[in-house]
Structure formats: C-alpha cells, structure tokens
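Read through the structure below, which is laid out as structure tokens, and then see the notes.
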Amino acid sequence: MKRKWHILVLAALMAIATACSGGTGSGGAGGSSASESPSGGSSGGEQVELRIMWWGDQKRADITNEALKVFQQKHPNIKVVGEFAPSTGYFDKLNTQLASGTAPDVFFLGGNVVDYALKGVLLDLGPYVGKELDLSDMDQSMIDYGTLNGKLVHISAGANARGIVVNQTMFEKAGIPVPQDGWNWADYARISKEISDKLGKGYYGTYNFAVDGLDIALKQNGKQLYDMAKGTLGFEEADALKWFRYWDETSKAGGVVPAELQVSNPPGDTSKSLIVTGKVAMGLIPSNQLAAHQNLTQDKLILVQVPRGEKGTGVVFESSQGLSGYAKTKHPKEVATLINFFINDPDAAKILGNDRGVPVTSKNRKLLESEASEVDKIVYDYTSRVSEAAKKEPFAVSYNPPGFSEYSKLAETTLYEIGFGRKSVEDAVKDFYNGTVKIFNNNQNGNS
C-alpha cells in the first residue's frame with residue numbers, strides 16, 4: 001500500500017501544470033530580409049533574428065506561429081524563430097538555457113516572474129515605453145504587475161479571473177439549482193455533497209483545489225500567500241490549517257473527488273478532466289480555460305465567482321501570463337517591438353484570441369468581444385463581473401513566492417498525504433508550513 005501511495009503521489013507531482021498544458025515538439029516561423037526599416041526596428045534595415053519561447057499545446061503553437069508570420073510581414077528586417085514546450089517541462093528548459101547563457105530573446109512567464117526578476121535575467125523595458133512599446137491603452141493594474149523593484153520587466157499578454165467552472169448539465173440532472181455569485185464556502189460544501197448524493201456512486205460535487213485555492217482563501221481572510229511589498233510570507237500555519245481542514249471535512253462528507261481518482265484524472269489536464277466527462281460538477285479554473293473544457297464536452301459549462309469569505313471573493317482581474325525580454329539580448333529595441341505587437345496589433349488579437357486570456361488593451365477586447373463565440377461571451381461576461389466586484393472589494397494582485405516550483409510540489413504532496421491518510425491534517429500542515437518557510441528563505445534573494 002505504501003509503494004502504491006508513493007507511485008500515486010509521484011504521478012500527481014508530474015501532473016502539476018499551469019494553464020493549457022499538453023503538446024510537445026517545437027515550432028518556428030521564418031522571415032525574409034529587406035532593406036526597409038520597420039517602425040521600432042533596427043536602423044538602416046539591418047537584418048536581426050529573435051528567438052521567442054512559450055509553453056502550451058499544439059493549438060497554441062499553431063496560432064502563435066501564425067501571428068509571428070504576420071509580425072514578420074510587418075517588420076521584414078526582424079526574423080523570429082519560435083519554440084515551445086509543454087508546461088510541465090517548459091521552465092526546466094528555460095532555466096537550463098538561462099544558466100548556459102543561451103536563453104531566447106523573448107520568453108513567456110507566469111506568476112513566477114518574481115523568481116526571474118530576483119535573478120536579474122529580465123530586460124528593463126522602461127526605456128522603450130512610448131517608443132517601440134505602447135502601453136497607453138493597457139490596464140494600469142497590468143503595468144503595475146510587471147513592474148518589479150522599480151523596473152518594467154514583464155508585459156502581460158492576457159488577463160484572467162479565476163472562478164468556479166460549473167457543469168450546468170450535471171446540476172440539471174440532479175435537480176439542483178445552479179449556484180450564483182455571492183454564495184459562501186458552507187454553501188459550496190453542502191452543494192458538493194448534495195450533487196454526489198443525488199447522482200450516486202462515481203459522481204462528485206467538486207475537485208479538491210486546496211492547493212490552487214489557498215492564496216484566494218488567504219486573501220478572503222485578510223492574509224496572502226506572499227507579501228511582496230514586505231518581502232515576507234503573508235500567512236501563518238493556522239491560516240493554512242483552517243483551509244486544509246475545510247477540504248478534509250468536505251472530502252469525508254463525500255462531496256469531493258477521492259485522492260486516488262484525482263491523481264489519475266488531474267484537474268490541470270483538461271483532456272483527463274472529470275468535469276468534461278460529466279463526473280465532477282465543479283472546479284477552480286482560470287477563465288481562459290473555459291473554452292478548452294467546453295470544446296471537450298456536450299455538457300453546458302458556465303463560470304461562477306468563487307464562494308465568498310470574510311472579506312469577499314479574493315479574486316481580481318489579473319495577468320494570466322506575459323512576455324519578458326532576456327537581459328542579455330543583443331536586440332532590445334526589436335524585443336520591445338515584438339512584445340508591442342502581441343498586445344496592441346489587431347491582427348495579432350484576431351489570431352491569438354483568448355488563448356492566453358482576454359486582451360490587456362481595451363481596443364483589442366472590444367474587437368474580440370464583437371466577434372465572440374458563445375463560450376467566449378461567457379468568459380467576457382464573467383471577467384466583467386469580477387472587474388466590477390473588485391472595484392467595490394479590491395484585492396492585491398497575487399504574485400507567486402520565490403521558489404514557487406518547490407513550493408508547488410510541497411503543497412501538492414501535502415494534499416495527497418492528507419488525502420491518502422498518511423498524515424493527519426495537523427501534522428501535514430505543520431510540515432507544509434515549515435517547509436514553505438524554508439523554501440522561501442532559501443529563494444527570496446534569488447538563490448537556487
């Protein structure tokens with residue numbers, strides 16, 4: 001049994017993924033030489049080559065490469081070579097390249113941008129704002145998000161709002177009203193059990209998102225995972241214990257996917273998600289993942305705000321991922337020009353759509369909204385509701401703490417130590433908190 005548990009936990013750790021994982025291989029887009037000097041390009045029409053890297057599946061690779069071809073048509077003296085990797089291996093690949101000094105000129109980062117800013121490997125884009133890089137139509141919160149230690153080192157390529165994906169068809173089959181914005185965590189636990197009871201064996205109310213939802217739960221109670229302004233962790237052991245106890249109690253009541261089943265059908269892998277197979281009614285996702293879920297099921301899926309805590313939902317309109325330049329690039333102006341294309345060009349917006357989140361500029365949001373599909377309309381409506389709610393109940397944007405990769409593995413291990421009954425909630429959380437403090441202290445200065 002002990003060997004089986006270790007195998008299952010290892011599988012769970014391998015399944016940890018950021019948004020839109022899947023797909024392998026590499027893709028590229030060629031360019032042509034021309035003497036014409038493009039706007040923001042190098043003077044005299046000098047031919048330069050940029051490398052750009054991102055994570056994701058084959059669909060994301062295809063549309064990104066299509067957009068890069070358009071960029072090269074508009075900037076013929078800049079050749080762009082694109083490459084990508086699945087989310088599970090992307091950062092290992094990037095870190096190896098950074099260590100060897102062979103990193104791409106432009107690469108995508110997520111909430112772990114803090115780690116890279118602390119290492120000093122990101123290009124300061126500030127000198128190019130108002131020239132090669134136009135941020136005049138970008139949400140100020142997104143600009144603030146990418147400004148770390150007084151330097152603009154990250155430009156959001158899409159915005160998200162996390163929420164509860166609800167399989168409306170399952171609720172209809174169970175004869176239970178679909179949840180609405182404004183519910184609380186007691187409601188969530190009760191409804192999860194009710195769904196499981198009504199639909200019977202093999203059906204569950206919710207995935208266990210004790211790990212992915214921890215920072216939300218903390219903010220709902222006036223705390224946070226990482227207080228970047230103070231450079232400290234923003235919570236205590238008791239805060240984490242309260243949250244993990246909630247999930248343990250809800251699981252024991254029968255409303256949550258069992259640990260063994262969640263390992264084999266991880267919520268981060270859309271192709272294996274039990275929500276799309278009609279076995280799980282609810283889960284926590286970024287809004288840009290709704291389409292990927294809906295494309296795999298005939299069931300009707302919607303988005304509802306996360307249950308409220310003491311101080312509100314704890315959710316804001318935030319960066320899903322974005323672009324950073326390599327500090328050692330030989331072509332910083334062209335890097336800024338390429339990043340500018342991703343956020344401002346209407347042709348790029350039409351090609352890329354909402355794959356990385358809704359556009360960060362208002363003009364491109366309006367452009368896409370006017371041509372939106374039914375599922376995209378749900379996303380636009382949801383993100384608008386979150387945006388309005390955040391005006392009344394503002395919350396700080398979340399940053400992942402330094403050493404986030406190590407932290408994620410520790411948190412996931414904690415989840416399954418509890419789920420498989422290897423440790424009590426109290427012992428597991430004590431080890432989790434002490435381990436988190438150790439990881440943070442080892443990484444907060446950019447040390448590996």
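Taken together, the values in this text are just the output of simple stated rules run on the coordinates, not laboratory data. None of the values given here were measured: they were computed from a predicted structure. Every residue, glycine as well, gets a Cβ built from its backbone with ideal geometry; the counts of neighbours run over all protein chains shown.
Quick notes on this structure:
- 5 angstrom amide H check on Tyr204, placed H, neighbours 5+ away: Val280, Ala281
- In terms of distances greater than 22 angstrom between alpha carbons, the cross-link table entries Lys69/Lys350; Lys279/Lys311; Lys300/Lys392; Lys311/Lys409 yield Lys279/Lys311; Lys300/Lys392; Lys311/Lys409.
- Summed side-chain charge close to Leu94 - residues other than Leu94 whose Cβ falls under 12 Å, Lys, Arg +1, Asp, Glu -1: 0
- Ordering of 161-172, 307-318 by packing [mean C-beta count within 10 Å, highest first]: 161-172, 307-318
- Acute angle (nearest 10 degrees) that the helix 58-74 long axis makes with the longest principal axis of the chain, alpha-carbon atoms: 20
- In degrees, nearest ten, helix 332-344 long axis to first principal axis of the chain (Cα): 50
- Among 193-199, 248-254, 153-159, the order from most to least packed when residues are scored by Cβ within 10 Å on average: 153-159, 193-199, 248-254
- For the chain, the longest principal axis of the alpha carbon atoms and the long axis of helix 425-443 meet at an angle near 20°.
- Expected 222 nm ellipticity per residue - DSSP helices of 4 or more, -39500 (n - 2.57), all of the chain, to 500: -13500 deg cm²/dmol
- Separation between Cα centres of region 269-296 and region 330-370, rounded to whole Å: 26
- Separation between Cα centres of region 231-268 and region 41-116, rounded to whole Å: 36
- Loop-located GluC sites (Glu not before Pro) in region 355-447 (DSSP state not H, G, I, E or B) with no more than 14 neighbouring Cβ atoms inside 10 Å: Glu371.
- Within a straight-line Cα-Cα reach of under 22 Å, Lys131 can be paired with the following lysines, leaving aside sequence neighbours fewer than 8 residues apart in one chain: Lys74, Lys79, Lys151, Lys328, Lys330, Lys333, Lys363.
- Convex hull volume of the C-alpha atoms in region 149-275, normalised per residue: 153 Å³.
- The residue list Gln294, Val121, Ala372 was ranked by how far each Cα lies along the charge dipole of the chain toward its positive end, using unit charges on Cβ atoms, and Gln294 comes out on top.
- Cα gyration tensor shape for region 333-431, rounded if a/c is under 1.5, else prolate or oblate: prolate
- Long-range HN-HN contacts of Val80 with modeled amide H, under 5 Å: Gly31, Leu50
- Coil-residue chymotrypsin sites (Phe, Trp or Tyr not before Pro) of region 216-312, DSSP, other Cβ within 10 Å capped at 14: none
- Taking Cα centre as origin and charging only the Cβ of basic (Lys, Arg, +1) and acidic (Asp, Glu, -1) residues, the dipole magnitude of the chain rounds to 720 debye.
- ³J(HN,Hα) computed for each position of region 235-242 - Karplus, 6.51 cos²θ - 1.76 cosθ + 1.60, integer Hz, glycine/proline x: 8, 10, 4, 4, 5, 5, 4, 4
- Cut-off 13 Å between beta-carbons: net charge of the residues surrounding Gln444, Lys and Arg +1, Asp and Glu -1: 0
- Peptides ranked, highest mean first, by Cβ atoms within 10 Å: ranges 105-111, 58-64: 105-111, 58-64
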